[in-house]
């Protein structure tokens, strides 16, 4: 077994159907890469799981689905944590390292219920994401929006009459329910959240043995793309509560930023070149440029 004599790895994960399916896929990949290794799931309830009665942005937005999972690793109850990369704050938690970015699934958002051009004027769309609301309103300012929380099957049961709800395609893929999709929303207009579609794996910063095992599921192209997207987010600062989107397609980074108070939004792109540090700087420059445009009015 590569650089390690342990026989079992423990993966901390949320207990939702999506998170469990994602962590199970990681476990299967690790056991396939390391014959003789067994992997166990350690289920953790997060603040985001507990508070399904309030909008995500009112209880902290990014990080509400990861902190307790990270704590399980830091406290030694698990060896690694599996997260939807889009849930991770742009700054890595103290004592942890991002050891692997699993190959990204479909990064797009999708409409369930009806495609955009068949929604009647003033139709209702359900989503708990301020980013998705801003992007849909930019294309269809007539739409009405309602809050949407809960696990995926709960959300699917809350489809507004004659309306639609928004889901991540990757989440529907892992649960094998893509037959519910009415329309895929293309990334050039509906830019995904940074890291969307990727599962990121964290372990303790000093746990070199686990990090070595996780190299087997680290996908180089996904790591490069998500790292640039996270650099875009980092430029805006941890206190930014605006609708933010960033998605790398090959060597092009797409960015989106909006201000719900003024209903203004900006979109742009840049070419990513050079090493990881140079690409991060280019992503940060795009974020700063879009922020300046938004503030200038």
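The values are calculated or read from the model by the stated rules, or taken from the named source; none is laboratory data. Nothing here was measured: the structure is a model prediction, and the numbers come from that model. Neighbour counts run over all protein chains shown; Cβ positions are idealised from the backbone, glycine included.
Observations
- Residue in the range 248-256 that is surrounded by 15 or more Cβ atoms within 10 Å (Cβ to Cβ) and within 30 Å of residue 24 (Cα to Cα) present: yes
- When we screen 213, 242, 286 for residues that are surrounded by 14 or more Cβ atoms within 10 Å (Cβ to Cβ), touching a residue at least 12 places away in the same chain (Cβ under 8 Å), touching a helix residue (DSSP H, G or I) at 6+ places or on another chain (Cβ under 8 Å) and assigned by TED's automatic domain parsing to the domain that holds residue 79, the only hit is 213.
Conditions tested, residue by residue: (1) touching a helix residue (DSSP H, G or I) at 6+ places or on another chain (Cβ under 6 Å); (2) at pLDDT below 95; (3) under 30 Å from residue 102 (Cβ atoms); (4) in a loop (DSSP other than H, G, I, E, B).
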residue: 145; (1), (2), (3), (4): yes, no, no, no
residue: 150; (1), (2), (3), (4): no, yes, yes, yes
residue: 155; (1), (2), (3), (4): no, yes, yes, no
residue: 158; (1), (2), (3), (4): no, yes, yes, yes
residue: 166; (1), (2), (3), (4): yes, no, yes, no
residue: 170; (1), (2), (3), (4): no, no, yes, no
residue: 179; (1), (2), (3), (4): no, no, yes, no
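Per-residue answers, yes or no, for (1) modelled with pLDDT of 95 or more; (2) surrounded by fewer than 19 Cβ atoms within 10 Å (Cβ to Cβ):
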| residue | (1), (2) |
| --- | --- |
| 60 | no, yes |
| 70 | yes, no |
| 73 | yes, no |
| 79 | yes, no |
| 92 | no, yes |
| 117 | yes, yes |
| 120 | yes, yes |
| 141 | yes, yes |
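- Residue within the range 191-203 that is surrounded by fewer than 20 Cβ atoms within 10 Å (Cβ to Cβ), outside the structural domain of residue 30 (by TED's automatic domain parsing) and assigned to a loop (DSSP other than H, G, I, E, B) present: no
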